[in-house]
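Engineer: Could you have a look at this structure, given as structure tokens, before my questions?
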Amino acid sequence: MRFFIALLIFIALDFFGAGENKCGSLEKCDDYSATVQDTYSLQRGLGIYMNYCSSCHTLKMQRWNRLQRDLDIPETILLEDLITTPDTKASDFMSFGLPDVSPIGAPDLTLRTRVRGEDWIYTYLRTFYSDPNQPSGTNNLVYEGTSMPNVLAGLQGTQELVGKGKLKQTTQGTQTKEEFDESMRDLVNFLAYVAEPARVTREKNGFYIILFFIVFTAVMWLLYREYAKEIK
Amino acid sequence: MSNKKNSFMSWLDRRLPVTENLERHLTKHPVPKKVNFFYIFGALLMVVFMIQVVTGIWLMMFYTNTEEGAFASVEYIMRDVDYGWLMRYMHSTGASAFFLLMYFHMFRGLLYGSYQKPKELVWLFGCFLLFLLMAEGFLGYVLPWGQMSYWAANVILSLFGAIPFIGPDLQVWIQGDYVLSGITLSRFFALHVVVVPLLMIALVVFHIFALHEVGAGNPEGVDIEKHRDKKGMPLDGAPFHPYKTFSALPAIGIFFIVFFAIVFFAPTGGGYFIEKPNFEEADFLKTPEHIAPVWYYAPFYSILRAVTFGIPFLGITSKFLGFIIFAASIAILFIVPWLDRSNVQSIRYKGVYSKIAMVLFAASFVTLGYLGTKPVNEMRTLIAQICTVFYFAPFILMPIYTKYEKTKKVPERL
Amino acid sequence: MSEKVDPKRRKALLITSGVMGAVTVAGFAVPFLSAWNPSEKAKAMGASVKFDLTKLDPGAMAIVEWRRTPIFIVHQTEQAKQNLPKLNDKMVDPALGEGLLRSNNDKFTVLKGVCTHLSCAPKYHPEIEPKAWDQEWLGGFFCPCHGSKFDLAGRVYKGVPAPVNLEVPPHTFEGDTLIIGDAV
């Protein structure tokens with residue numbers, strides 16, 4: 001009986017899941033699970049975003065003042081270095097003066113890690129390669145045929161395709177492979193934060209809420225047992 | 001001092017039957033002394049219902065029910081409103097909790113024969129509540145107006161469109177528009193917030209009144225009313241308050257531990273409670289790679305997809321037949337009290353065929369659920385078809401095996 | 001089989017669980033009550049407004065919107081400043097403790113453009129000449145709805161429907177910039 005059920009479930013399992021792409025056009029994403037509790041990582045990620053992403057991609061659901069509060073950014077740096085568009089208040093959204101709908105098709109990235117997944121974005125950012133067949137001259141292992149140019153080539157260097165899903169470094173950038181991977185982790189952490197700013201608070205405070213309910217259960221359990229004695 | 005209280009109560013009781021009902025439903029209402037953890041789910045369901053209503057009301061204060069504003073208003077709640085994120089996650093986790101508890105609650109009913117005479121009405125009201133809950137969950141999921149909200153709604157609405165003759169007109173009538181649009185969203189909002197909840201509250205009241213009229217069951221299927229003490233209280237029974245009310249409290253505590261663990265540490269449920277595509281605004285020009293319903297509809301969606309054939313000479317397309325069988329999978333639950341011909345209430349004393357049937361049903365339901373979250377392929381469709389048969393067989397054959405199987409003798413006392 | 005009931009233990013447990021329950025309910029209430037506070041959107045819309053004072057000539061008035069209220073910014077002339085003390089006796093509340101122009105400044109007056117009678121918008125009449133509502137008009141505001149009169153510092157005349165002076169909104173002067181609302 002139990003064997004029969006096990007067989008049923010076993011058969012239904014993903015042994016027959018052939019042909020499903022787990023990571024866009026790639027077989028499997030590199031594992032990465034973002035953390036938003038490391039403020040320094042978020043700050044570095046913000047820096048990378050401002051330098052390499054903010055000229056095309058808006059973060060139009062995130063307010064500057066929220067960013068300031070969560071990442072501990074001093075007012076002067078916010079107003080002088082970060083907010084570069086005129087007439088922008090700290091309570092405005094991070095749209096970087098870009099139009100609401102991108103004329104080049106660069107999507108807003110506020111929720112992107114929640115739509116694609118953190119490992120998808122992490123893998124995507126690191127798998128650009130030169131491809132003369134593409135109009136932009138670059139392609140990507142995760143998003144085949146992407147129209148996004150390789151804006152990170154300065155940091156990472158360039159890569160070329162040497163086999164199915166395999167890349168080789170062709171030129172060096174300013175960062176080593178380890179440094180670049182870490183920068184990308186910072187960037188993904190930052191994007192994960194922007195996708196859900198409340199995550200910082202909820203991960204920090206969840207422990208106390210659960211602790212409270214453990215105490216609650218313990219107290220109520222004692223009360224219950226006191227009365228349960230009577231109807232043994 | 002106590003005189004003041006007594007005279008206040010007597011003033012009140014003359015005008016409103018307070019004490020009478022407190023006694024009838026709580027302090028003097030006998031329930032079986034010994035039950036197991038399967039009997040807690042009703043109380044937990046009421047707790048979750050309250051959570052959904054309160055968080056839902058609060059969400060309503062900040063939500064915009066128009067096509068233009070819906071998605072942005074949800075992000076407004078998540079970012080700009082103090083504790084908005086907590087309310088949103090409590091509501092979404094509450095929805096999944098509602099279904100999980102509901103499925104366990106109903107399974108208890110099947111296992112211990114809670115639907116048997118004279119509790120048929122309790123069961124019927126309950127089945128109706130399941131149906132309403134499924135409608136409520138569907139309507140609610142459309143409201144954030146994400147990609148999955150839009151496209152899954154399209155799938156369900158097109159099922160109505162598959163009904164012969166009246167289908168397409170019916171679909172347009174439900175939508176209020178030639179395609180699913182903001183007009184549909186606004187009316188779904190009214191249904192989700194007012195109509196279905198009011199119906200659910202009414203049904204819960206009837207469900208409990210019907211139950212209290214007969215008295216709760218127990219895992220042994222023993223009738224506790226048969227043996228009473230001198231005061232008329234069943235020997236195997238105890239008053240609901242304080243014995244059952246206090247036993248519910250630690251269970252509520254455990255429930256909240258799990259509930260808040262999810263809310264605070266895994267609010268999207270790994271993509272099963274809030275699906276990834278829903279973090280992107282609905283785009284009617286772009287279909288998501290994989291349209292899947294939320295996990296709690298997966299078993300029924302699986303059954304729908306498993307029907308890959310129609311009945312051509314009757315003019316029934318496979319889509320429409322799928323719809324019929326999908327509806328039947330819920331409808332068949334309603335008639336269980338009349339399918340079960342056993343003279344024994346609880347699975348513990350029923351014959352071996354009933355036990356096999358229950359296991360088959362549960363295993364199929366879970367397998368169908370798993371399959372429903374995955375894209376189709378040939379092997380999966382075949383397994384879904386087999387499981388669909390094993391889902392219906394326990395019910396269709398029930399009149400036969402429950403009547404003829406050899407049962408064990410039910411004890412007199414708990 | 002049945003133990004003796006210890007009433008003290010029972011009472012203690014009931015009280016403890018009661019307190020636990022009360023704390024839980026209070027805990028649940030906190031997020032819901034807090035959610036009613038002004039959201040970030042409300043705070044952004046209600047944020048302070050800046051105004052460049054160099055654009056305002058003496059004798060002119062600018063109207064700026066803050067929290068959906070018209071704010072009158074008046075650049076007082078020397079003559080106006082000399083005339084204001086002459087009107088003290090005609091005022092219900094001469095507001096002597098608030099400074100000559102009722103602002104932290106010797107050139108500008110900042111007022112809410114809302115008549116304190118029934119909230120109409122008073123009209124700016126800086127001209128010093130006889131008017132239908134006052135033969136000895138020295139400049140100020142006249143509310144056309146029910147005839148209330150205010151001087152150039154927003155003080156209400158005696159004998160008109162409006163009961164109190166025009167309200168002064170919170171404001172600060174930073175060089176040539178006026179900030180209406182709480183300072184950032």
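Engineer: Given points 7 Å out from each Cα along the Cα-Cβ axis, report the B:ASN21 to A:ASP72 separation in nanometres with one decimal.
Structural biologist: Distance between label points: 5.7 nm.
Engineer: What Cys residues in the protein assembly as shown have no fellow cysteine's beta-carbon under 4.7 angstrom?
Structural biologist: So far as the 4.7 Å Cβ criterion goes, A:CYS53, A:CYS56, B:CYS127, B:CYS387 stand without a partner in the protein assembly as shown.
Engineer: Something else now. Of B:ARG380, A:ARG202, B:ARG88, how do they rank once you tally other Cβ atoms within 10 Å and put the fewest first?
Structural biologist: Working: B:ARG380 22, A:ARG202 19, B:ARG88 25.
In increasing order of surrounding Cβ atoms, one gets A:ARG202, B:ARG380, B:ARG88.
Engineer: While we're looking at this one, here's another question. Which values, in whole Å and largest first, are the semi-axes of the equivalent ellipsoid of the range B:292-414 obtained as the square root of 5 times each eigenvalue of the Cα gyration tensor? Walk me through the numbers before you get to the answer.
Structural biologist: On the way: eigenvalues 199, 54, 27 Å².
Working through the eigenvalues yields semi-axes of 32, 16, 12 Å.
Engineer: Work out the mean other chain Cβ neighbour count within 10 Å for the residues of A:186-198 and drop it here as an integer. Walk me through the intermediate numbers first.
Structural biologist: Details: counts 0, 0, 0, 0, 0, 0, 0, 0, 0, 3, 7, 3, 9.
Average neighbour count from other chains, rounded to a whole number: 2.
Engineer: In chain C, which longest range has no trypsin sites (Lys or Arg not before Pro) that are both DSSP loop (not H, G, I, E or B) and surrounded by at most 12 other Cβ atoms within 10 Å? Mind showing how you got there, number by number?
Structural biologist: Working: sites that count: C:LYS4, C:ARG68, C:LYS158.
Result, exposed sites excluded: C:69-157.
Engineer: Let me ask something else about it. May I ask you to list the lysines whose Cα is less than 29 Å away from that of A:LYS177, ignoring any residue fewer than eight positions away on the same chain?
Structural biologist: Those lysines meeting the cut-off are A:LYS22, A:LYS28, A:LYS164, A:LYS166, A:LYS168.
Engineer: What list of ³J(HN,Hα) couplings, whole Hz, do you get for the range B:344-349 from phi and the Karplus terms 6.51, -1.76, 1.60, once you set θ to phi - 60° and write x for glycine and proline?
Structural biologist: Each residue's phi maps through the Karplus curve to give 10, 8, 9, 4, 5, 10 Hz.
Engineer: Work out how much length A:THR39 to A:ALA228 would gain on full extension: take 0.36 nm times their residue separation and subtract the Cα-Cα distance, in nm to one decimal. Don't skip to the answer; put the middle values down first.
Structural biologist: Details: separation 189, 0.36 × 189 = 68.04 nm, distance 5.04 nm.
Gain in length upon complete extension: 63.0 nm.
Engineer: Continuing with this model, one more query. Give the order of A:SER102, B:SER10, B:SER302 when sorted by the count of other beta carbons within 10 angstrom, beginning with the fewest. Walk me through the numbers on the way to the answer.
Structural biologist: Working: A:SER102 13, B:SER10 10, B:SER302 31.
Sorted ascending by nearby Cβ count, the order is B:SER10, A:SER102, B:SER302.
Engineer: Among C:LEU178, C:THR54, C:THR69, flag the residue with its Cα farthest along the positive direction of the charge dipole of the range C:44-180, charges on Cβ as +1 for Lys/Arg and -1 for Asp/Glu.
Structural biologist: The residue sitting farthest along the positive end of the dipole is C:THR69.
Engineer: Would you pull out the residues with amide H under 5 Å of B:GLY237's amide H, same chain only if 5 or more places away, H placed 1.01 Å from N?
Structural biologist: Residues meeting the amide H criterion: B:LYS33.
Engineer: Using θ = phi - 60° and the Karplus relation 6.51 cos²θ - 1.76 cosθ + 1.60, list the HN-Hα couplings for the range B:302-309 in order, rounded to whole Hz, with x at every Gly or Pro.
Structural biologist: Couplings: 4, 4, 4, 6, 5, 7, 9, 9 Hz.
Engineer: I'd like the Karplus ³J(HN,Hα) series for the range B:140-151: coefficients 6.51, -1.76, 1.60, θ = phi - 60°, whole numbers in Hz, and an x wherever there's a Gly or Pro.
Structural biologist: x, 5, 6, 4, x, 6, x, 4, 6, 3, 5, 6
Engineer: Counting other Cβ atoms within 10 Å of each Cβ, which GluC sites (Glu not before Pro) in the range A:114-218 have at most 15 and sit in a DSSP loop? Spell out each step's value before the answer.
Structural biologist: Details: sites: A:GLU118, A:GLU144, A:GLU160, A:GLU178, A:GLU179, A:GLU182, A:GLU203; in loops: A:GLU144.
Taking the range A:114-218 and a limit of 15 other Cβ atoms within 10 Å, the loop GluC sites (Glu not before Pro) found are A:GLU144.
Engineer: Using amide H atoms built in the peptide plane, which far-off residues or other-chain residues are under 5 Å from A:GLY157 H to H?
Structural biologist: A:GLY173, A:THR174
Engineer: Also, quick follow-up: In debye, nearest 20, what is the charge dipole magnitude of chain A about its Cα centre with +1 on Lys and Arg Cβ and -1 on Asp and Glu Cβ, if you could check? Intermediate values should be presented prior to the final figure.
Structural biologist: On the way: 24 positive and 29 negative charges, 172 e Å.
So the dipole magnitude of chain A works out to roughly 820 debye.
Every read-out reported here was derived from the displayed coordinates using simple, explicitly stated rules and does not represent laboratory data. None of the values given here were measured: they were computed from a predicted structure. Note that each Cβ is placed from the backbone with ideal geometry, even for glycine, and that neighbours are counted across all protein chains shown.
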